[in-house]
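Visitor: One structure is given below, represented as structure tokens, and several questions about it will come after.
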Amino acid sequence: MTFVKITEEPSPYGDLEKKTTRELLEEMHVENGKVIAAVQRVLPQIEELVDRIVPRMRQGGRLFYLGAGTSGRLGVLDASEIPPTFGMSPTCVVGLIAGGDAALRASVEHAEDDAEQGWKDLLQHRINLLDTLVGIAASGTTPYVTGALRAARAHGILTAVITGNPGSPAADLADIPLEVIVGPEYLTGSSRMKSGTGQKLILNMISTAVMIKLGRVKGNRMVHMRLSNRKLVDRGVRMLVEALDISHEQARSLLSLHGSVRQAMERFKENDEMKKRDV
């Protein structure tokens with residue numbers, strides 16, 4: 001069967017330059033609505049991936065995202081949010097992009113065409129059997145991604161890929177392919193649109209579900225978040241007030257003393273139990 005890149009097929013919308021602003025926005029909004037259904041269809045595969053990542057990470061394994069262009073940037077973005085949101089080490093979830101950090105802001109010519117560099121970049125981080133590699137490639141053909149997937153799989157590393165085309169080379173190289181079929185882009189070939197939106201949704205789901213399963217959330221609160229600015233400190237204070245039924249002053253003092261919402265909660269409850277036993 002011939003492999004067809006749906007992500008490169010012509011847009012069903014024509015003469016875009018002749019449309020009003022409202023027409024453009026309405027049509028893009030209709031197309032964006034197709035992403036949710038596409039993600040829904042791969043929930044079983046996302047579930048399998050999360051459930052296989054968690055035991056690996058409990059043993060010290062890491063999660064690697066690897067992509068080029070928009071796909072790579074989205075992976076780096078999701079990885080960069082893990083330390084402040086969940087208080088994890090920045091080495092826990094690692095985002096790699098073809099061309100290195102310079103490619104985050106500007107295109108690095110031909111970086112994605114190097115089929116060997118992805119694996120070389122992973123080796124710089126000493127990737128091992130406890131780790132998981134998630135390739136991100138809307139086309140499913142990006143050499144930087146397919147080369148890394150092939151090498152990782154050959155070394156027995158768990159692999160997955162997020163792609164916008166069914167039956168792609170990247171999907172064939174992954175243990176768990178997440179084929180998010182959103183159809184042709186509104187702007188022909190611009191996979192930063194629907195394909196990128198689907199990738200962002202799935203990356204958020206993977207990392208958040210993994211962190212919850214690893215115990216980095218209490219109830220629905222980010223109790224391990226880093227208190228790196230006033231907004232986050234105020235949020236932590238509110239969490240403690242609601243969870244422990246104490247004053248804002250007490251909560252702020254606890255947070256200042258223990259440095260995290262989780263630690264403050266645990267110490268408060270321990271002290272409260274000790275007081276009850278003494279009585």
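Visitor: What helices does the chain hold that run 20 Å or longer along their axis, going by alpha-carbon atoms, with a Kyte-Doolittle average of -0.5 or more, using DSSP H for the helix calls? Spell out each step's value before the answer.
Guide: On the way: long enough: 21-41 (32 Å, -0.38); 43-58 (23 Å, -0.24); 69-86 (26 Å, 0.11); 194-213 (29 Å, 0.42); 230-244 (21 Å, 0.19); 261-278 (26 Å, -2.06).
In the chain, the long hydrophobic H runs are 21-41, 43-58, 69-86, 194-213, 230-244.
Visitor: Summing -39500 (n - 2.57) over the DSSP H runs of n ≥ 4 in the chain and dividing by its residue number, what mean residue ellipticity at 222 nm do you reach, to the nearest 500 deg cm²/dmol? Spell out each step's value before the answer.
Guide: Details: 10 runs with 143 residues, N = 279.
Computed mean residue ellipticity for the chain: -16500 deg cm²/dmol.
Visitor: Also: Which of the residue pairs K5/K218; K5/K200; K200/K269; K34/K120; K34/K213; K34/K231 have a Cα-Cα distance greater than 32 Å in the structure shown? Walk me through the intermediate numbers first.
Guide: Values: K5/K218 43 Å; K5/K200 20 Å; K200/K269 38 Å; K34/K120 36 Å; K34/K213 29 Å; K34/K231 35 Å.
Cα-Cα > 32 Å for K5/K218; K200/K269; K34/K120; K34/K231; rest within.
Visitor: Where nothing but the Cβ of Lys and Arg (+1) and of Asp and Glu (-1) is charged, how large is the charge dipole of the stretch 5-134 around its Cα centre, in debye to the nearest 20?
Guide: On the way: 14 positive and 21 negative charges, 115 e Å.
The dipole of the stretch 5-134 has a size of about 560 debye.
Visitor: Quick one: Kirkwood hydrodynamic radius for the stretch 1-127, alpha-carbon pairs, angstrom, one decimal?
Guide: Details: mean 1/r = 0.0559 Å⁻¹.
Value: 17.9 Å, from the Cα pair sum.
Visitor: So if I place +1 on the C-beta of Lys and Arg and -1 on the C-beta of Asp and Glu, and nothing else carries charge, what would the dipole magnitude of the stretch 128-279 be about its Cα centre? I want it in debye, nearest 20.
Guide: On the way: 21 positive and 14 negative charges, 88 e Å.
The calculation lands at about 420 debye.
Visitor: If R0 is 22 Å, what FRET efficiency do you get for E270 and R238 from their C-beta distance, rounded to 0.05?
Guide: Values: r = 22 Å, r/R0 = 0.99.
So the FRET efficiency works out to roughly 0.50.
Visitor: Run down the lysines and flag those whose C-alpha is under 23 Å from the C-alpha of K18, throwing out any fewer than 8 positions away in its chain.
Guide: K194
Visitor: Given a 1.4 angstrom probe, what's the average accessible area per residue across the chain, in square angstrom?
Guide: 52
Visitor: I would also like to ask the following. Quick one: order R252, R73, R62, R126 from most to least accessible surface, probe 1.4 Å.
Guide: Numbers: R252 110, R73 80, R62 45, R126 190 Å².
Largest accessible area first, the residues go R126, R252, R73, R62.
Visitor: For the chain, what is the charge dipole size about the Cα centre, in debye to the nearest 20, if Lys and Arg each add +1 at the Cβ and Asp and Glu each add -1 at the Cβ?
Guide: Numbers: 35 positive and 34 negative charges, 253 e Å.
It comes to approximately 1220 debye.
Visitor: I would also like to ask the following. Accessible area, 1.4 Å probe, largest first: how do V30, V241, V42 sort?
Guide: Working: V30 85, V241 30, V42 10 Å².
Per-residue accessible area, sorted high to low, gives V30, V241, V42.
Visitor: Now, a different point. Just the number, please: carbon plus sulfur as a percent of the accessible area of the chain, 1.4 Å probe, no ligands or DNA/RNA counted.
Guide: Values: 7500 of 14580 Å².
For the chain, the apolar C and S fraction of the accessible surface comes to 51 percent.
Visitor: Counting Lys and Arg as +1 and Asp and Glu as -1, what is the net charge of the other residues whose Cβ lies under 13 Å from the Cβ of A102? Let's see the in-between values first.
Guide: Working: positive: R73, R105; negative: D101, E109.
Summing Lys and Arg as +1 and Asp and Glu as -1 gives 0.
Visitor: Something else about it: With all protein chains present, calculate the accessible area of F3 using a 1.4 Å probe and round the result to the nearest 10 Å².
Guide: 70
Visitor: Once Lys and Arg get +1 and Asp and Glu get -1 on their Cβ, which of I97, G198, N165 lies farthest toward the positive end of the dipole of the stretch 86-217?
Guide: G198
Visitor: Now a separate question. Sort the stretch 9-83 into rounded, prolate or oblate with this rule: let a ≥ b ≥ c be the square roots of the eigenvalues of the Cα gyration tensor; rounded if a/c is under 1.5, and if a/c is not under 1.5, prolate when a/b is larger than b/c, oblate otherwise.
Guide: Working: a/c = 3.43, a/b = 2.25, b/c = 1.52.
In terms of gyration-tensor shape, prolate.
Visitor: Still on this structure: Leaving out ligands, DNA and RNA but keeping every protein chain, what accessible area does K18 have, in Å² rounded to the nearest 10, with a 1.4 Å probe?
Guide: Approximately 150 Å² of K18 is accessible to the 1.4 Å probe.
The values are calculated or read from the model by the stated rules, or taken from the named source; none is laboratory data. This structure is a prediction, so every number in the text was calculated from the model and none was measured. Every residue, glycine among them, receives a Cβ derived from its backbone with ideal geometry; neighbour counts consider all protein chains shown. Surface accessibility is based on the protein's heavy atoms, side chains included, excluding ligands, DNA and RNA. Shrake-Rupley method; radii C 1.70, N 1.55, O 1.52, S 1.80 Å.
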